[in-house]
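Everything on this sheet refers to the single structure shown next.
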There are 4 protein chains.
Amino acid sequence: MIKAGILGATGNVGQRFVQLLADHPWFEITALAASERSAGKPYGEVAKWKLETDLPESVKDLTVVPTDPKKVDADIVFSALPAELATGIESDFAKAGVVVCSNASSHRMEKDVPLMIPEVNPEHLALIDIQKKNRGWDGCIVTNPNCSTIMMVMTLKPLMQFGIKNIHVATLQAISGAGYDGIPSMAILDNVIPYIGKEEEKMESEALKLLGTFDGSGVKNAPFWVSAACHRVMVMDGHTMSIWLRSEKNPTAEEVKDAFLKFDSGLSDLPTSPKKALIVREEPDRPQPRMDRDQGRGMSVSIGRIRSGHDNAIKYVCMGHNTIRGAAGASILNAELLKKKGYL
Amino acid sequence: MIKAGILGATGNVGQRFVQLLADHPWFEITALAASERSAGKPYGEVAKWKLETDLPESVKDLTVVPTDPKKVDADIVFSALPAELATGIESDFAKAGVVVCSNASSHRMEKDVPLMIPEVNPEHLALIDIQKKNRGWDGCIVTNPNCSTIMMVMTLKPLMQFGIKNIHVATLQAISGAGYDGIPSMAILDNVIPYIGKEEEKMESEALKLLGTFDGSGVKNAPFWVSAACHRVMVMDGHTMSIWLRSEKNPTAEEVKDAFLKFDSGLSDLPTSPKKALIVREEPDRPQPRMDRDQGRGMSVSIGRIRSGHDNAIKYVCMGHNTIRGAAGASILNAELLKKKGYL
Amino acid sequence: MIKAGILGATGNVGQRFVQLLADHPWFEITALAASERSAGKPYGEVAKWKLETDLPESVKDLTVVPTDPKKVDADIVFSALPAELATGIESDFAKAGVVVCSNASSHRMEKDVPLMIPEVNPEHLALIDIQKKNRGWDGCIVTNPNCSTIMMVMTLKPLMQFGIKNIHVATLQAISGAGYDGIPSMAILDNVIPYIGKEEEKMESEALKLLGTFDGSGVKNAPFWVSAACHRVMVMDGHTMSIWLRSEKNPTAEEVKDAFLKFDSGLSDLPTSPKKALIVREEPDRPQPRMDRDQGRGMSVSIGRIRSGHDNAIKYVCMGHNTIRGAAGASILNAELLKKKGYL
Amino acid sequence: MIKAGILGATGNVGQRFVQLLADHPWFEITALAASERSAGKPYGEVAKWKLETDLPESVKDLTVVPTDPKKVDADIVFSALPAELATGIESDFAKAGVVVCSNASSHRMEKDVPLMIPEVNPEHLALIDIQKKNRGWDGCIVTNPNCSTIMMVMTLKPLMQFGIKNIHVATLQAISGAGYDGIPSMAILDNVIPYIGKEEEKMESEALKLLGTFDGSGVKNAPFWVSAACHRVMVMDGHTMSIWLRSEKNPTAEEVKDAFLKFDSGLSDLPTSPKKALIVREEPDRPQPRMDRDQGRGMSVSIGRIRSGHDNAIKYVCMGHNTIRGAAGASILNAELLKKKGYL
């Protein structure tokens, strides 16, 4: 078993890491790190567990440690740190020889840091060697994208064959994406908030790196643009988005559907990989977050309403679980790929 | 006072008509028509009043009449009938010499039927004369658009000067748009439904007629296209939408904002016309349905987040009250314009 | 395997029966009965499956049959029929030799019909023999209580030792209790409905029969009263209730808690029986429906806030999953008890 | 016009004070006090206005002052301070000669501080003279009760004639009662929280003082007890509660209803007093928070479902707007009574 630590272990995404790693066949939780305030106390006491499944017995009595490489006994750490803390701390861990799988946005767009979705760009892992060399680190940092970006990009991967020219995307995002205390109930009851800070920028930039080409020395961005409009809605988990796709080859809706159906992630040997990364729904009104977010134990992206639009567009809807597929599960799948590829 | 009847008076939009007309300075409710089941009983008994304001005393004891021109004593009728009934019944009323202001979709796209937003295309009213001649009717049918279409088109009107080429629009629509029993709570709690029957088609077609040119004999559609993606969310009232606009003149966000701010409906003499038809919000996260839907007594459309997008697009958000501005209030404003223009 | 049919198989509770029986170790779904409209068609086509787990493959292609003992090939039927249909149909099945486990209210209060919660009154099963004799039936009808009653009565069972004198109970009930189309979203968003038809009456009468004494010939009601106030709230699943208990022995809160903790259902050999029928939460703000309803695969009742009140009352909160513990799961547990006791 | 200041002016209840006082015929807002962080800046900039009506123009540019009697130019201050700050600050203002109308709980139960509902115990105002004498203050502190207590006690007032013996009450309380950031959306979506800190204690103690007898030197508590169970539900505004009343005279439901209908507050000369303090609904499923909270501009309490219960109880439901009738409006009505009685 590989020794795994979790940074930011008491927060919303941190708790998801605990939940998903508690019975993991390859990783064993050996360290739960949180703020100085929580350090020294049992996790069960400080975590204020907010998930519907019970707090795993195995971590209940684990003493929380400070977020310090010297105090965290682990070969790999999963980082659920807020961006403003992640920048420095994650580097410290990598410097100290630890593999960091981060859900934070801090390092995502750095040239020698892999921004990864195992189903999409496994070859980008090679950036690790460049990163280690550049920075003289024993460890490394590997990141997963923003939650909305993940759902969108997973559906774009099998469509790259059509020569994507541009994407319009409108999101309807769940409240859990903002953290447990992020959205006051008075802000969102009977309401929509048509703004999520930096979300549109992330979707527009991260997608291009993820679908870019690794040429041996770096990643060349994919040659299209994404234009996003992001909205928060009263949904617990599950980001829904409507996409307009335009491409060189102008496939029919049927051809796009076939591309989704034929998509094989080639990751069936990774424990967190779902049987089907992409699920195509035939009902006219699906996917829906409450109905479909738990597909593939929260790791599948569901797609529906594939149809033609104006100006040769294909329109469709996709949806995935934002704190599993879009956050903790994404980092863990990255870690599983790292193990498979010998980086762990 | 002009004698006004309401068809479909017990439904969701029918109740809004009652609410908005109860104290109207020009119209007096003289007839409330509903199904045979309700006819003959006092409105207060059969209406199952669902609005937050009290059922107006003046209509509580009015006896409901059948939906029959012979039984409805009125110079004008406001129709909140479902489309499948509206087709025949509205024609019967027009034939019988009554002016029909309809919220139903049945006649909207007929060539000699005005599809109206007073702020947008008052000159289309001239179709009435053609309609009367064509059909040999003493009365006439005037329609207002679909609720989502209204919000969008009102914001497009002042942007026509830039030479609109195309619109992408994603909507987040309120549950009241589906009628009181339309959306079961189990369908929408903690959920999004990314589909509304025929809504995308309506937005894509009605907008072009509304913004089209009346050439003396008919309306020539506006020369651009609209591509819509419609979603239902857990909001009581208020349809929110994100728009990508592309145009010949590629205005800046500032120029688009100025166009909104300068827009004057010229309707200040109509009682239902709001002080400002378009309201521009400066906050980064507005408009929001719960906060802004009652602006201008529900008749204003609020706009925000005006910004540049890829490929010379201007992106913005707009929102309006779907059962007032988008339904009953829209019909009443049409009626007020008819009166002003001498058709009543 | 025992051949099991489901009556009312396409509705909300009917779907729960299908979900819970699909992998049951003792029962095999051999017949799905629904209205004439659905009969003859594959279940997958007519069911409009609304549960978050996928429609089980094993029933997708099963042809729906009419609700007629001659068309339903089963040794036992689970009835999710509405009360107005259940009265006659369930009798017909029992007459035809079938064991009927019913969730309907129709027969609950009949003297020779067992109203059962296996953890509470297994000895009442003996009414079956009386029922068969009285009615000359080969089959029989066994009922489970109303959903709210179940949660309350399960917590009262271990408190009977204190000599219960009376109960005040206020409920906060989930929307799923009214069926899929029962509560329009416009009725309940940002709202409470302080009324549920006949619910208070059911809680007040069924509890006394359930906790009554079987004396060989019939059930003598328990000698206390229940006074209920029922409310509908915007929760998907999980009925929460606050209880004031008064008793002869005036136990302390600690003694009441001990009684809950010591409660052993003695049903560990029944597959649907949860490990713990009653779960006591220590947190000040639990149980909560979203957090606790899935405990024991939806079959446990969670209890919290046990405290002293005025006039020697003990106050506490309890909560359970209304469509599992309170409906389909309750019927299935009854059937398991029937099998264990040799009635099947 | 009387010069009025608001303490805690930027919070949830503070904003309600601003909204309700902006056009008040007797009071003029002359000072808005908030934390040091906000002091010195325009109210419109720091308030983060959260109410659906627009921020009143008259206060937009008012410079926020520190919460210090020397900086607040006012004859009366309305306090929306949190309890932990209110204790000292309110005393400082009273000492400085200002009349303090407080919504905070700090001073409510002090013997020489009036805890007031003008419809209920106007004679308790006489405590002011005792307070001034006791404390040597020029000003004074007058408090209004906790929001839930107000709704309940207003309905109990006309029932005192029956000789109340005891009250069981279960509440379903709105999220706005916890302040804007009080309840995270992730805590309450699809959920009930069966606990509100100190709420049950407040209802159980404050009610007795409010309905107590002023004997010239102090208030003697009313001779009955209240036992409360409090729950938070997903409602924006409006606390609903079910009450079981037991009394010496055992009135019928009809007699209780008559008592409500006959209740006359005698306050028609106070601008904030609603036409009817108590409204009796005849529908079986009312009052409901979304439908009835705005009755009497948020100042009426609506009552329904008056019925007999066990053990001579009368059961009924009542509901009122918690941040208007239950907070800001309550304080303002107190101030109006003070003015009428010559204390201002």
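When segment B:78-109 is filtered for residues that are buried (at least 18 other Cβ atoms within 10 Å of the Cβ), under 18 Å from B:LYS202 (Cβ atoms) and out of contact with any helix residue (DSSP H, G or I) (no Cβ under 8 Å at 6 or more places or on another chain), the ones remaining, listed by number, are B:ALA86, B:GLU90. Exactly one condition in (1) more than 14 Å from every other protein chain (Cβ to nearest Cβ); (2) touching a Lys or Arg at 6+ places or on another chain (Cβ under 7 Å) is false for D:PHE260; which is it? Failing condition for D:PHE260: (2).
Residues in segment C:15-60 that are over 27 Å from A:ASP237 (Cα atoms), open to solvent by less than 20 Å² (accessible area, probe 1.4 Å) and of a type outside the set (Val, Ile, Thr): C:LEU21, C:HIS24, C:PHE27, C:ALA31, C:LEU32, C:ALA33, C:ALA34, C:SER38, C:TYR43.
One line per residue, one yes/no per condition, for (1) over 29 Å from B:GLY298 (Cα atoms); (2) hydrophobic (A, V, I, L, M, F, W, C); (3) without any contact (Cβ under 8 Å) to a residue 24 or more places away in the chain; (4) in contact with a helix residue (DSSP H, G or I) (Cβ under 9 Å, 6 or more places away or on another chain):
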{"residue": "B:LEU208", "(1), (2), (3), (4)": "no, yes, yes, no"}
{"residue": "B:LYS220", "(1), (2), (3), (4)": "yes, no, yes, no"}
{"residue": "B:PRO223", "(1), (2), (3), (4)": "yes, no, yes, yes"}
{"residue": "B:VAL233", "(1), (2), (3), (4)": "no, yes, no, yes"}
{"residue": "B:THR240", "(1), (2), (3), (4)": "no, no, no, yes"}
{"residue": "B:ALA253", "(1), (2), (3), (4)": "no, yes, no, no"}
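Per-residue answers, yes or no, for (1) under 23 Å from B:MET236 (Cα atoms); (2) touching a helix residue (DSSP H, G or I) at 6+ places or on another chain (Cβ under 8 Å):
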residue: B:ASP292; (1), (2): yes, no
residue: B:SER300; (1), (2): yes, yes
residue: B:GLY304; (1), (2): yes, no
residue: B:ALA313; (1), (2): no, no
residue: B:ILE324; (1), (2): yes, yes
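In the condition set (1) open to solvent by less than 20 Å² (accessible area, probe 1.4 Å); (2) more than 9 Å from every other protein chain (Cβ to nearest Cβ); (3) more than 20 Å from the chain's Cα centre (by Cα), B:LEU210 is compliant with all but (3). Per the conditions (1) buried (at least 20 other Cβ atoms within 10 Å of the Cβ); (2) assigned to a loop (DSSP other than H, G, I, E, B), the sole criterion not satisfied by D:ASP264 is (1). Looking at B:ASN134, B:ASN166, just one residue is more than 14 Å from every other protein chain (Cβ to nearest Cβ) and either surrounded by fewer than 24 Cβ atoms within 10 Å (Cβ to Cβ) or touching a Ser or Thr at 6+ places or on another chain (Cβ under 9 Å) (or both), and that residue is B:ASN134. Within segment A:224-238, the set of residues being in contact with a strand residue (DSSP E or B) (Cβ under 9 Å, 6 or more places away or on another chain), surrounded by fewer than 24 Cβ atoms within 10 Å (Cβ to Cβ) and facing another protein chain (nearest Cβ under 7 Å) comprises A:TRP225, A:SER227. Residues of segment C:274-308 that are crowded, with 22+ Cβ neighbours inside 10 Å and in a loop (DSSP other than H, G, I, E, B): C:PRO274, C:ALA277, C:PRO287, C:GLN288, C:ARG293, C:MET299, C:SER300.
Do we have any residue at all in segment D:312-324 that's modelled with pLDDT of 95 or more and either over 24 Å from D:VAL169 (Cα atoms) or open to solvent by 20 Å² or more (accessible area, probe 1.4 Å) (or both)? Scanning segment D:312-324 turns up at least one residue that is modelled with pLDDT of 95 or more and either over 24 Å from D:VAL169 (Cα atoms) or open to solvent by 20 Å² or more (accessible area, probe 1.4 Å) (or both).
What do you reckon, is C:LEU245 more than 9 Å from chain D (Cβ to nearest Cβ) and part of a helix (DSSP H, G or I)? For C:LEU245, the condition - more than 9 Å from chain D (Cβ to nearest Cβ) and part of a helix (DSSP H, G or I) - is not met. Cβ-Cβ distances below 6 Å connect no pair with a first residue in segment A:148-168 that is among the charged types (D, E, K, R), a second residue that is assigned to a helix (DSSP H, G or I) and buried (at least 20 other Cβ atoms within 10 Å of the Cβ), and a separation of six or more residues or different chains. Residue-level check: of (1) outside any loop (DSSP other than H, G, I, E, B); (2) of a type in the set (Ser, Thr, Tyr); (3) touching a Ser or Thr at 6+ places or on another chain (Cβ under 7 Å); (4) open to solvent by 10 Å² or more (accessible area, probe 1.4 Å), B:SER205 misses just (3). When you look at B:ALA174, is it of a type in the set (A, V, I, L, M), open to solvent by less than 20 Å² (accessible area, probe 1.4 Å) and either without any contact (Cβ under 8 Å) to a residue 60 or more places away in the chain or farther than 22 Å from B:PRO82 by Cβ (or both), yes or no? Spelling it out, it is not the case that B:ALA174 is of a type in the set (A, V, I, L, M), open to solvent by less than 20 Å² (accessible area, probe 1.4 Å) and either without any contact (Cβ under 8 Å) to a residue 60 or more places away in the chain or farther than 22 Å from B:PRO82 by Cβ (or both).
Filtering C:ASP75, C:ASP61 for residues that are touching a Pro at 6+ places or on another chain (Cβ under 8 Å), more than 21 Å from C:TYR180 (Cα to Cα) and not basic (Lys, Arg) leaves a single hit, C:ASP61. Considering each residue of segment B:163-180 in turn, at least one proves to be over 30 Å from B:GLU254 (Cα atoms) and over 15 Å from the mean Cα position of the chain (by Cα).
Take the residues in segment D:176-201 that are more than 10 Å from chain C (Cβ to nearest Cβ) and of a type in the set (A, V, I, L, M); name whichever of them is nearest to D:VAL226 (Cα to Cα). Before you say what the answer is, go through the steps one by one.
First, pick out the residues of segment D:176-201 that are more than 10 Å from chain C (Cβ to nearest Cβ): D:176-185, D:198-199, D:201.
Among the residues that remain, those that are also of a type in the set (A, V, I, L, M) are: D:178, D:183.
Working: D:ALA178: 23, D:ILE183: 27 Å.
Among them, the one singled out is D:ALA178.
Of the residues examined, C:THR30 is not one that is away from chain A (no Cβ under 14 Å) and touching a Phe, Trp or Tyr at 6+ places or on another chain (Cβ under 8 Å). Filtering segment B:309-322 to residues that are more than 10 Å from chain A (Cβ to nearest Cβ) and either in a loop (DSSP other than H, G, I, E, B) or not aliphatic (A, V, I, L, M) (or both) leaves B:ASN312, B:GLY320, B:HIS321, B:ASN322.
The values are calculated or read from the model by the stated rules, or taken from the named source; none is laboratory data. On a predicted model such as this, the values are computed, not experimentally measured, just so you know. As a convention, Cβ positions derive from the backbone with ideal geometry for all residues, glycine included, and neighbour counts pool all protein chains shown. What goes into the accessible areas is simple: the full protein's heavy atoms, side chains included, and nothing from ligands, DNA or RNA. Shrake-Rupley method; radii C 1.70, N 1.55, O 1.52, S 1.80 Å.
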